[in-house]
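S.K.: Below: one structure in structure tokens.
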Amino acid sequence: MNFIEVYQKLADDMTLLINNKLNNIARDRTFKAKIIEKVSNNKYKILYKNRYYTARCHAELSVGDIVYVCAPENNWSELFINLPCSRAEFDTIKHQCIVLNNDLAGKLPMQKITNQVDINNLVKDGFYIARCSLKNAPTTNHGVVLVFSSVGTPFQFFFPDNQPDFYKRWGLSNGSFQGTWYKSSPFTPV
């Protein structure tokens, strides 16, 4: 055995030891899993890497849902399901998307934006297709802005073109949009 082989064997052994130690450190682990069945109130059977586990969740979930699961401090007997938002918020967003799809498509004016404008100034109802970044948008991505100002509380949606997340904010009482953006991530790949 030459020196290069000895050093390679030493490096391989050290890597194995380090990885083994890292895998056993008491730190939170988050992973995606699939809901297999509802076991009882607030408990679900999940599938992760061809193994079944039980995880807690205070929201009502459906069989087949893909969820994020946390093992706090690497304790796999205390798994819980971590939703990006509450189930009520998720259902509200889902309902708003259905309303948009069924009732509003084609009824709102559409405008293409090719030069940077301030998203705070987009106050009229409509679809705005941004082929550039927008000032005061939640991201620097191109995307679609959806504005509803003729409802009880005006609001805007921003859908970036290269990520699954979207953003929402509500208008102020004076009719302007200068409020905080809220990020939602209800889209889960199947």
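Read-outs throughout are calculated quantities, based only on the coordinates presented, and are distinct from any laboratory measurement. Note that the coordinates shown come from a computational prediction; the quantities given were computed from them, not determined experimentally. Note that we place each Cβ from the backbone using ideal geometry, even for glycine, and neighbour counts take in every protein chain shown.
S.K.: If you line up the Cα atoms of region 115-190 on their principal axes, what length do they span on each, largest first, in Å?
M.R.: 40, 28, 19
S.K.: My understanding is that a pair violates if its Cα-Cα distance is over 32 Å; which of K45/K183; K34/K124; K34/K112 do that in this structure?
M.R.: Cα-Cα > 32 Å for K34/K124; K34/K112; rest within.
S.K.: Just rank L83, L16, fewest to most, by other beta-carbon atoms within 10 angstrom.
M.R.: Ranking L83, L16 by Cβ neighbours within 10 Å, fewest first, gives L16, L83.
S.K.: If each residue's Cβ is checked for other Cβ atoms within 10 Å, how do T114, T54 rank with the fewest at the top?
M.R.: In order of increasing Cβ crowding within 10 Å: T114, T54.
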